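Beneath this line is the structure, given in structure tokens, with notes to follow.
The values are calculated or read from the model by the stated rules, or taken from the named source; none is laboratory data. Everything quoted here is computed from the prediction, not taken from an experiment. Here the Cβ positions follow ideal geometry from the backbone for every residue, glycine too, while neighbour counts run over all protein chains shown. Heavy atoms of the whole protein, side chains included, go into the accessibility calculation; ligands, DNA and RNA do not. Shrake-Rupley method; radii C 1.70, N 1.55, O 1.52, S 1.80 Å.
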Amino acid sequence: MIKRILTFQPSWTLRLISGTIAVVAFISMCLLTGAVDLNGAMAERGQEFTGRNIEAGAKVYYEQCARCHGAKGEGADGLGPALSYDGFLGKWDAAKKTLGPSERLKKIGWTSSLAGYVEAVVASGMPVKSSAVWEAPHPPFALAFGGPLREDQVKNVAAFVLNWGPGQVAPVATMPEPGAAGGAAAAVALTANQEKGKQVFLGAAGCQACHAIRGVATGAIGPSLNKLATTADARIKDAAYKGTAKTGAEYIKEAIVNPNVFVVAECPQGACLANVMPSTFGQTLQAADLDALLDYLSTLK
Amino acid sequence: MAIIGKRLVDQVRATGLKATIAQRLDEGFTRLTSGLTWNDVRGVLRGDPPGKPNNRVKPHTEAFWFHIRPTFYHEAVTTLYPTFRLGFMSALFFAIEIITGIFLMIFYTPSPERAYQNMLDILTNVPFGQLVRDMHRLGAEVMVVVVTLHMWRTFATGSYKAPRQFTWFTGVILLIVTMFLSFSGYLLPWDQLALWAVTIGTSMADAAPVVGPSVNLLLRGAPDIGAGGLLRFYLFHVVLFPLIGVIFMAVHYYKVVRYGISLPPEMEAVGDDSARKVAPDKRVNFMPDILSNELIYAAIAIALLTIASGTFYNAALETHSNPLVTPNHTVAPWYFYWLQGLIKIPHILPVLPEALSKQFDTIVFNLSGITPKILWGIIIGPVIPLLLMVIPYIDPNPSRRYGDRKVALTLGVLFELGILYLSLAGIPTGVPVTRFGFVGGDPASEIAQEFMPDEGVAEVKRVPWDQLPVGTWEIVPPAEAPNAPEFNALLKKIQQDMDHRTETADPNGKKLVDGKANVRIKLIQPDVKEFTLTISFTDDKGQPQQYSKTNYLHKASGYDKE
């Protein structure tokens with residue numbers, strides 16, 4: 001058997017037959033290519049890679065963007081607007097049930113596509129100021145503008161953001177229409193004591209490192225303190241609340257001096273964890289400073 | 001024109017119109033074939049015996065493509081043994097690579113900004129782009145195999161001996177060119193596989209003594225591979241190495257014409273070479289027999305390559321290259337595994353017991369400044385190729401017979417076994433049994449790596465998207481999710497793997513202690529799920545540790561097809 005294989009030599013008949021088969025097979029393959037749905041196959045492969053690019057975009061989003069825009073693109077008050085709600089840049093055309101032309105982009109004078117706008121914002125920061133609400137400018141993320149992302153990563157993360165369907169999550173911080181009144185920054189005039197409290201917030205106590213207040217601070221470790229006074233009033237009525245506070249002001253004080261009594265769920269990076277907020281402010285802050293701080297925080301309605 | 005016209009008119013008058021047209025057509029045909037008339041070619045195709053004088057040798061003397069082929073072979077070398085057609089197959093695959101390569105070049109730009117997008121375009125927007133890319137990639141790997149086998153065949157039959165020493169020499173160069181061609185093409189897709197395989201490959205050059213770092217810098221164009229490195233590898237791949245390959249192939253082929261193909265060793269007296277002294281009745285003419293044989297073999301090879309590329313073979317394309325993230329368990333291309341295994345050898349004399357071998361290292365190091373890395377660098381760099389090249393010049397044995405070459409053949413087999421062993425040592429799992437070459441982190445990260453590697457497709461990605469149930473699922477003991485058999489099977493497999501790693505220690509002596517794990521699946525977009533595997537365990541110091549890894553999975557990404 002082995003010897004037969006080793007001494008194998010195709011006979012003329014075999015050569016003629018296989019040669020004919022080869023020629024016929026080649027011609028019929030050429031003809032058959034017309035019958036193959038080449039465009040369909042390529043489109044399918046295209047969808048696969050679009051999907052994989054969105055996966056790569058998701059990775060970038062959770063490394064770079066979720067901090068300010070939220071894990072579900074719901075936004076974070078004082079940090080970044082929601083991306084996944086119906087009105088995001090006017091992308092969802094409810095009537096046509098499709099990604100429609102963006103009215104908002106027209107109003108702010110952006111004439112290119114929505115995807116182009118998102119890519120431009122990710123890459124170079126806010127190219128056109130689209131709203132008066134967000135004081136913190138969008139930072140540039142592309143390598144070309146001093147950020148950490150390559151061109152393909154910018155494109156992928158934009159594709160991921162635009163992949164959010166409508167009505168997926170309730171937005172936390174939406175973006176008002178251009179020209180609409182908005183923003184809490186200039187709202188309340190502060191008393192001297194409250195002004196002192198604000199300086200404690202920004203300085204001695206170091207609260208701003210972890211907490212955001214619209215127009216004041218952009219910390220993204222702990223929950224946003226926008227509308228804190230309002231939130232506090234609601235919190236003490238919450239069934240899950242375990243502390244001893246009876247009023248909103250007491251709740252805020254308790255949350256500062258004894259933060260582990262009740263840990264809320266709304267941190268920018270998911271549920272808040274116990275022991276992240278230092279429990280030593282009761283000892284380290286002077287009574288007058290704590291008072292001023294509480295006075296200031298009570299203005300956030 | 002007038003003269004030709006007049007002659008034509010004369011010819012028509014003399015022989016008639018039909019005969020004139022036939023004669024003129026045949027004349028043109030003869031020019032195209034460099035000396036064969038239509039009747040000669042018909043005879044070749046029909047397998048007729050050649051006439052006397054043999055008209056069919058004319059193309060061998062007149063035309064370029066046939067002048068690099070012999071006019072006849074000895075009939076003993078036209079069977080499958082002794083050549084196995086490996087030389088012809090090497091040349092054939094070289095041609096296939098050039099043709100498919102030119103097709104791919106049309107759609108490719110060697111720049112970090114464009115290259116990966118070009119690859120996506122080739123796969124999704126160019127008709128037959130994926131087929132041609134698969135053929136190019138598979139053809140390159142098959143070519144490495146074929147060329148290596150060709151060398152082994154030549155060694156086994158002793159065909160490198162006089163007068164074919166220089167043919168062998170050029171053959172070694174062609175082997176190196178083949179490997180470098182294949183390796184330089186690795187970088188061009190600019191994905192993670194490309195970047196890190198080539199980073200490892202070029203860092204091996206770094207181990208070469210004295211010139212190593214400079215060579216590495218010259219290859220990469222910068223301390224790390226970037227735009228400069230990509231352009232250099234592109235130019236190596238499409239200009240330099242093909243050029244060297246063509247030049248040495250020409251020499252190689254000329255030597256075959258000059259000396260013929262050596263007969264099977266047992267057919268010749270020791271020291272004889274009778275490939276060009278063939279009795280007329282033993283001759284097999286190139287035309288028609290060899291030519292038609294080769295056409296059939298070529299047709300079969302191309303058909304197999306096309307079918308394999310069109311069906312099961314899919315050239316991988318991983319995520320875009322990222323110099324900041326090294327994927328776990330990165331390896332060089334498989335034909336360089338042995339190099340990777342070689343530089344894992346920790347001591348100059350690894351066969352001695354550990355303590356002795358360390359002492360030996362210290363003595364040698366103090367005396368000469370040699371370290372294992374430099375030593376292996378010398379062996380990797382110049383010694384192995386040089387050794388191969390000089391084999392025919394230092395082999396004292398004139399006989400080509402297997403029985404007379406026991407030492408040479410044994411050394412050859414041992415060399416091959418050594419390469420095989422080192423190749424196994426080059427991959428992260430190491431050699432079976434001895435576990436030499438094993439590379440692994442703590443068991444938890446290894447489990448995650450096994451089921452959801454940093455790059456490439458493994459079991460997690462193969463579970464159909466619809467069968468990934470949202471929620472948190474315990475693995476010890478495995479939870480049962482409704483309507484998700486493949487997901488449940490995956491949980492069981494992870495549990496089995498954890499059990500295995502709890503019971504048996506890896507070569508580093510590490511076991512999984514108190515292993516607990518769960519899988520959390522979140523729907524983050526209507527068609528994107530987040531898959532997180534979290535493994536908690538107790539580390540060497542008795543501290544509780546947690547390891548988790550996340551994959552994002554899109555509904556349409558189609559991993560199950562790979």
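A few remarks follow.
- For the stretch A:36-48, putting each phi into the Karplus relation 6.51 cos²θ - 1.76 cosθ + 1.60 with θ = phi - 60° gives couplings of 6, 7, 5, 5, x, 4, 5, 5, 5, 4, x, 5, 4 Hz, in residue order, rounded to whole numbers and with x for Gly and Pro.
- Rounded, prolate or oblate (a/c below 1.5 giving rounded, otherwise prolate when a/b exceeds b/c) for the stretch B:82-265 by Cα gyration tensor: oblate
- Each Cα pair under 8 Å and six or more residues apart adds its sequence gap; the mean of these over the residue count of the stretch B:1-158 is a relative contact order of 17 percent.
- Of interest is the spacing of the C-alpha centroids, which for the stretch B:258-272 and the stretch B:207-237 amounts to 44 Å.
- Neighbourhood charge, 10 Å Cβ-Cβ cut-off, centred on B:G47 and excluding it, Lys, Arg +1 and Asp, Glu -1: 0
- GluC sites (Glu not before Pro) restricted to DSSP loop in the stretch A:232-270 with at most 16 other C-beta within 10 Å: A:E266
- Computed with a 1.4 Å probe on the full set of protein chains, the accessible area for B:D527 sits at about 40 Å².
- Folded to 0 to 90 degrees: helix B:406-426 orientation relative to chain B principal axis, Cα: 40
- Point-to-point label distance, A:F26-B:V145, nm (Cα→Cβ direction, 7 Å offset): 2.4
- The protein assembly as shown - share of DSSP beta bridges that are antiparallel (%, nearest 5): 95
- Those aspartates and glutamates that a straight Cα-Cα span of less than 20 Å connects to A:K72, excepting residues fewer than 8 apart in one chain: A:E55, A:E63, A:D86, A:E119, A:E266, B:D527, B:E530
- In the stretch B:280-326, burial by the other protein chains removes 50 Å² or more of accessible area from B:N293, B:I296, B:H320, compared with the chain on its own (1.4 Å probe, ligands and nucleic acids ignored).
- 10 Å Cβ neighbours from other chains, averaged over peptide B:183-189: 0
- Per-residue HN-Hα couplings for the stretch B:325-331 [Karplus 6.51, -1.76, 1.60; θ = phi - 60°; Hz; x = Gly/Pro]: 10, 8, x, 4, 6, 6, 10
- Whole-Hz ³J(HN,Hα) from phi, Karplus 6.51 cos²θ - 1.76 cosθ + 1.60, for the stretch A:236-252, glycine and proline x: 5, 8, 5, 5, 6, 5, 10, x, 10, 5, 10, 10, x, 4, 5, 4, 5
- Counting protein heavy atoms only, the protein assembly as shown has 64 percent of its accessible area on carbon and sulfur, 1.4 angstrom probe.
- Long-range tail of P(r) for chain B (Cα pairs > 42 Å, %): 39
- Peptide B:524-531, shielding by other chains (average Cβ, 10 Å cutoff): 6
- Distance from the alpha carbon centroid of the stretch B:450-500 to that of the stretch B:300-337 works out to 25 angstrom.
- Residues B:I247 and B:L387, FRET efficiency given R0 of 25 Å [Cβ-Cβ distance, rounded to 0.05]: 0.60
- Buried solvent-accessible surface, both chains (A, B), 1.4 Å probe, Å² to nearest 100: 3700
- Once the Cα atoms are used to define both axes, helix B:241-259 deviates from the longest principal axis of chain B by about 50 degrees.
- C-alpha center-to-center spacing [the stretch B:147-179, the stretch B:46-81] in angstrom: 24
- Overall form of the protein assembly as shown per C-alpha gyration tensor (a/c, 1.5; a/b vs b/c): prolate
- Note: relative contact order over chain B, using C-alpha pairs below 8 Å and six or more positions apart, is 13 percent.
- Taking the C-alpha atoms only, the angle from helix B:485-503 to the longest principal axis of chain B is near 70 degrees.
- Working ranking of peptides B:401-412, B:65-76, B:493-504 by packing, defined as the average number of other Cβ atoms within 10 Å per residue, highest first, is B:65-76, B:493-504, B:401-412.
- Burial ranking of peptide ranges B:335-341, B:468-474, B:291-297, B:46-52 (average Cβ count within 10 Å, highest at the top): B:335-341, B:291-297, B:468-474, B:46-52
- Partner shielding of A:43-49 amounts to 6, given as the average count of beta-carbon atoms from other chains within 10 Å of each residue beta-carbon.
- Calculated mean residue ellipticity at 222 nm for the protein assembly as shown: -15000 deg cm²/dmol, from DSSP H runs with n ≥ 4 weighted as -39500 (n - 2.57), summed, divided by the residue count and rounded to 500.
- Candidate residues A:I2, B:I176, B:I21, B:I475: accessible-area rank, largest first, probe 1.4 Å: A:I2, B:I21, B:I176, B:I475
- By the Cβ distance rule of under 4.7 Å, the protein assembly as shown has these cysteines without a partner: A:C30, A:C65, A:C68, A:C207, A:C210.
- Peptides ranked, highest mean first, by Cβ atoms within 10 Å: ranges B:53-59, B:269-275: B:53-59, B:269-275
- Solvent exposure of A:W164, expressed as accessible area, is near 10 Å², computed with a probe of 1.4 Å over the protein chains only.
- Annotation: lysines with alpha-carbon distance below 17 angstrom to B:K358 (same-chain offsets under eight excluded): B:K344, B:K373.
- For the listed residue pairs A:K198/A:K253; A:K59/B:K541; B:K510/B:K549; A:K196/A:K301; B:K255/B:K406; B:K161/B:K277, the alpha carbons are over 24 angstrom apart in A:K59/B:K541; B:K255/B:K406.
- For the stretch A:192-297, the relative contact order comes to 34 percent (Cα pairs under 8 Å, sequence separation of at least 6).
- Per residue value of the accessible surface for the protein assembly as shown (all protein chains in place, 1.4 Å probe), Å²: 51
- Three-way shape call for the stretch B:232-390 based on the alpha-carbon gyration tensor, with the a/c threshold at 1.5: oblate
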